Amino acid sequence: MASEGVDKGFFMAPGRYTEEARAFAPANRITLLDGHQLLAMLQRLPAEVSRNLLVAATAGDWTTPSCPSCGKRMVARDGARGAHWGCVTFPKCRQTLGMREWKT
């Protein structure tokens, strides 16, 4: 926020916040919205806006994660430590994420 000159910000997360985050946020002009508050806001949207948001949120491949470092899509890899997600730009970006086993 400081580097962009933003006076106030909002941070939304699906879960709950730690005590440290709740203390940090107001001191830095950040409003925290947890999963329950976010869901309540989404449920108050008009039907057409809600449908458009659902279409946008589920468009494309939403089952493949994006790299938290560079934003590119990740690819499934099998390495010495087992299956994981790796950045498609490897070796430039070496970010990895754990992969959950799918139960069918």
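The values are calculated or read from the model by the stated rules, or taken from the named source; none is laboratory data. Predicted model only: the values in this text are computed from it and were never measured. Reconstructed Cβ throughout: ideal geometry from the backbone, glycine too, with neighbour counts over all protein chains shown.
Residue 38 falls short of the stated requirement of being surrounded by 11 or more Cβ atoms within 10 Å (Cβ to Cβ), in contact (Cβ under 8 Å) with a residue 12 or more places away in the chain, in a strand (DSSP E or B) and not hydroxyl-bearing (Ser, Thr, Tyr). Here is the figure for the range 52-102: residues that are closer than 30 Å to residue 42 by Cα and not in a strand (DSSP E or B) total 23.
The residues on offer are 71, 79, and the sole one that is at positive phi, out of contact with any Phe, Trp or Tyr (no Cβ under 8 Å at 6 or more places or on another chain) and without any contact (Cβ under 8 Å) to a residue 12 or more places away in the chain is 71.
Being over 27 Å from residue 7 (Cβ atoms) and assigned by TED's automatic domain parsing to the domain that holds residue 16 is true of residue 52.
Here are some residues: 51, 29. Which one is surrounded by 11 or more Cβ atoms within 10 Å (Cβ to Cβ) and at positive phi?
Unique residue meeting the criteria: 29.
Regarding residue 76, is this residue assigned by TED's automatic domain parsing to the domain that holds residue 14 and surrounded by 10 or more Cβ atoms within 10 Å (Cβ to Cβ)? So residue 76 does not fit the description; no. Kindly evaluate residue 55 against the criterion of being of a type in the set (Val, Ile, Thr) and touching a strand residue (DSSP E or B) at 6+ places or on another chain (Cβ under 8 Å). No, not satisfied.
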